[in-house]
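First the structure, in the form of structure tokens, and then the observations on it.
The values are calculated or read from the model by the stated rules, or taken from the named source; none is laboratory data. Quantities reported herein were computed from a predicted structural model and do not represent experimental measurements. So basically every Cβ, Gly included, is an ideal-geometry build from the backbone, and we count neighbours across all protein chains shown.
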Amino acid sequence: MPRMSFTVAAAIATAGAVAAVLTTLPSASATPNAVASQSTTSTKLGTASYLPLSVAKKVSDIAMQKGLEKGYPVSVTVVDRDGVVINQQRADTATGATVQVSFEKAYAAAGFQTPTADIQNFAKTSPGFTYIPGFSILPGGVPIKVDGKIVGGIGVSGAPTGELDADFANAALETLN
């Protein structure tokens, strides 16, 4: 079969397959409840809160500003509840290491659903927490909650102490209330 004929035949076959699949799918205009009501069992879907990019940027900006006001160039990372980065910033003169540490603090705070300072205290009696790859249990990571549910985490790194990093993170989160 010549190359051109083969390409046209493949395109026609693909279009036919796509049309066949589309006719078996529910209408895009159908609501989830209408689709669920078509089944023999009733299923109730839950809802999930999430952290919008605009809020992640606002929180990052405030934490960054708090650090700079005290004279500390910091890095700030905000992650969603799964630990995926939503926003990350590094002050002009913050060291490169602060970027990764701020992520690891945010990731740990969201993953364990508790401030990293608390995890560090817990690790004194359960040292296994100090060896979990990808997590930093240094103070400066704080979970972000909305209506009591974890929607993300913020991590700040670059101040001389983790307690200062935590202060900048907490000050940023206070603006959400």
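Taking each residue of region 135-159 that is over 15 Å from V85 (Cα atoms) and looking for partners that are among the acidic types (D, E) and outside any loop (DSSP other than H, G, I, E, B) with beta-carbon atoms closer than 8 Å, six or more apart or interchain, yields S136/E104; L138/D165; P139/E163; P139/D165; G140/D165; S157/D165; G158/D165; A159/D165. Scan region 25-75 for residues that are in a helix (DSSP H, G or I) and modelled with pLDDT under 85 and the total you get is 6. Within region 43-93, being outside the structural domain of S157 (by TED's automatic domain parsing), more than 19 Å from the chain's Cα centre (by Cα) and not aliphatic (A, V, I, L, M) holds for T43, K44, G46.
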